[in-house]
Amino acid sequence: MVYDFNPGRSGEYARNFLGHRKGKLVCDDYGGHQTCFALGVTKIGCMAHARQVLRVTRHQKSILAEHAFQLCLKTNKETWTAI
């Protein structure tokens with residue numbers, strides 16, 4: 001795993017860093033990264049963003065979100081009980 005810091009959010013930074021490689025990119029749903037995915041890079045979402053989405057949808061009484069929340073709760077109770 002490599003963390004590559006850049007001064008902006010442009011997808012160009014990730015494309016330049018990855019070059020011709022088709023690795024995995026941990027990122028949010030920012031549209032600037034879509035070109036990377038179209039070129040074969042695998043998107044991996046982060047748990048912080050997943051947690052936020054589940055928090056919102058869980059309060060909207062989503063059965064699927066509640067099920068996902070319960071699964072996450074089993075794996076990391078300390079982090080997930082806060083939502």
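The values are calculated or read from the model by the stated rules, or taken from the named source; none is laboratory data. Only a predicted model underlies this, so the values are computations on that prediction, with no experimental measurement involved. Neighbour counts run over all protein chains shown; Cβ positions are idealised from the backbone, glycine included.
Here is a yes/no grid of residues against (1) on the phi < 0 side of the Ramachandran plot; (2) assigned by TED's automatic domain parsing to the domain that holds Leu73; (3) among the charged types (D, E, K, R):
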| position | (1), (2), (3) |
| --- | --- |
| Tyr3 | yes, no, no |
| Asn6 | yes, no, no |
| Arg15 | yes, no, yes |
| Cys27 | yes, no, no |
| His33 | yes, no, no |
| Cys36 | yes, no, no |
| Leu39 | yes, no, no |
| Val53 | yes, yes, no |
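Residue-wise test of (1) part of a helix (DSSP H, G or I); (2) out of contact with any Gly (no Cβ under 8 Å at 6 or more places or on another chain); (3) among the small types (Gly, Ala, Ser); (4) at pLDDT below 80.
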{"position": "Gly8", "(1), (2), (3), (4)": "no, yes, yes, no"}
{"position": "Tyr13", "(1), (2), (3), (4)": "yes, yes, no, no"}
{"position": "Asp29", "(1), (2), (3), (4)": "no, no, no, yes"}
{"position": "Gln52", "(1), (2), (3), (4)": "yes, yes, no, no"}
{"position": "Phe69", "(1), (2), (3), (4)": "yes, yes, no, no"}
{"position": "Thr79", "(1), (2), (3), (4)": "yes, yes, no, yes"}
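Scanning segment 13-30 for residues that are loosely packed, with under 14 Cβ neighbours inside 10 Å and either touching a helix residue (DSSP H, G or I) at 6+ places or on another chain (Cβ under 8 Å) or among the hydrophobic types (A, V, I, L, M, F, W, C) (or both) yields Val26, Asp28, Asp29, Tyr30. Looking across segment 31-57, the residues that are surrounded by 15 or more Cβ atoms within 10 Å (Cβ to Cβ) and over 30 Å from Leu73 (Cβ atoms) come down to Gly32, Cys36, Val41. Taking the conditions exactly as written (of a type outside the set (Asp, Glu), exposed (fewer than 12 other Cβ atoms within 10 Å of the Cβ) and assigned to a loop (DSSP other than H, G, I, E, B)), does Lys61 satisfy them or not? In short, yes.
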